[in-house]
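Q: Attaching a single structure in structure tokens format; questions to follow.
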Amino acid sequence: MVTLGLRIVGVIAILVAVSSTLGAQWPSYPTPDVPRAADGKPVLDGPAPRTADGKVDFSGIWARGGGGGGGRGRGGPPPPTTTPDGIPLSGFGEVAGRGYALPLQPWAAELKKKRMADNSKDNPDVWCLPIGLMQYHNHPQPRQIVQAKNLMLITYESNYGLRYIYMDGRPAPDNDPTPWWFGYSRGWYEGDTLVVETTNFRGDERAGWLDVNGSPYTEALKMTERFRRPNFGTLEIDVTIDDPKAYTKPFTVRVNQRLMVDEEMIEFICNENEQSTKHIQK
């Protein structure tokens with residue numbers, strides 16, 4: 001049986017194999033507006049860029065940073081599992097990293113146990129469907145943020161996902177719309193922090209996965225993200241999961257990402273020559 005884990009390993013292997021030939025596919029083109037040293041290397045520890053109206057600009061191609069895996073570096077101490085102030089570092093396999101007991105409702109704990117026993121075969125990633133915002137945040141494939149005056153777009157290389165964040169002051173929908181795989185996101189600034197509130201999620205069996213191990217969410221989920229860019233090359237996202245149907249209380253996790261410079265996104269069409277799902281036992 002082909003599992004999600006095998007698919008993820010396969011994707012990473014493909015990316016590694018492709019990386020050696022990228023120079024033959026695209027001309028080398030430096031990322032504009034990046035501060036550089038005299039030798040041309042990017043200087044990523046300087047101040048974050050700003051938009052014309054003085055707001056922090058989150059635009060760029062971002063790769064997942066460290067934390068949340070719970071593994072041990074070769075010959076060194078285990079990496080941290082929380083921020084210095086105790087916020088769990090989110091992971092792709094576990095939304096709050098290893099060692100953090102999620103405040104699951106009993107039915108949600110049983111569902112997660114079943115999903116893990118089934119080798120995560122119903123994760124939407126297996127079926128080339130949108131994988132949920134937390135899995136996108138933590139996915140090893142990159143994402144690109146494009147920021148305009150009243151709209152932020154995030155394109156995810158994984159499953160070619162596209163997310164809209166409306167920044168024009170609109171409220172959440174109140175006309176009982178069809179729920180979205182990505183939810184419905186509205187953003188605003190609080191100082192240098194971009195706050196994004198997302199509701200109106202699909203929460204069915206296929207859609208509601210916060211992580212590879214199947215921590216569930218429902219249509220009641222309200223996700224609040226706080227984006228910060230403390231320097232040019234670093235992105236910190238604190239995410240609060242508030243889903244009273246699946247969890248006994250809200251919880252917050254940290255996602256760290258790093259800027260990718262002088263690189264481009266790769267087109268990734270999951271269903272193109274897809275050969276895995278036919279081997280999965282129903």
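The values are calculated or read from the model by the stated rules, or taken from the named source; none is laboratory data. The shown structure was predicted, so the numbers you read here are calculated from the model rather than taken from an experiment. Virtual Cβ from ideal backbone geometry, glycine too; neighbours counted across all protein chains shown.
Q: Return the residue satisfying two criteria in turn: it lies in the range 195-223 and is surrounded by fewer than 17 Cβ atoms within 10 Å (Cβ to Cβ) and either within 30 Å of residue 261 (Cβ to Cβ) or in contact with a strand residue (DSSP E or B) (Cβ under 7 Å, 6 or more places away or on another chain) (or both), and of such residues it is modelled with the lowest pLDDT.
A: Looking at the filtered set, the residue picked out is 219.
Q: For the subset of the range 116-155 comprising residues that are modelled with pLDDT under 95 and either part of a strand (DSSP E or B) or of a type in the set (Lys, Arg) (or both), which member is nearest to residue 169 (Cα to Cα)?
A: 149
Q: If a residue has to be within 20 Å of residue 89 (Cβ to Cβ) and either assigned to a loop (DSSP other than H, G, I, E, B) or aromatic (Phe, Trp, Tyr) (or both) to count, how many in the range 195-219 make the cut?
A: 8
Q: Could you tell me how many of the residues in the range 237-255 are among the acidic types (Asp, Glu) and either closer than 19 Å to residue 167 by Cα or in contact (Cβ under 8 Å) with a residue 60 or more places away in the chain (or both)?
A: So the answer is 1.
Q: Looking at this structure, is residue 159 touching a residue at least 12 places away in the same chain (Cβ under 8 Å) and either closer than 18 Å to residue 50 by Cα or part of a helix (DSSP H, G or I) (or both)?
A: yes
Q: Here's another thing I want to ask about it. Out of everything in the range 172-194 that is of a type in the set (Phe, Trp, Tyr) and part of a loop (DSSP other than H, G, I, E, B), what residue ends up being modelled with the highest pLDDT?
A: Checked the range 172-194; the qualifying residue modelled with the highest pLDDT is 182.
Q: Residues to consider are 258, 226; find the one that is within 28 Å of residue 47 (Cβ to Cβ), surrounded by fewer than 20 Cβ atoms within 10 Å (Cβ to Cβ) and without any contact (Cβ under 8 Å) to a residue 60 or more places away in the chain.
A: 226
Q: So which residues in the range 1-55 are at pLDDT below 90, under 24 Å from the mean Cα position of the chain (by Cα) and outside any helix (DSSP H, G or I), if there are any at all?
A: Answer for the range 1-55, where residues must be at pLDDT below 90, under 24 Å from the mean Cα position of the chain (by Cα) and outside any helix (DSSP H, G or I): 2, 3.
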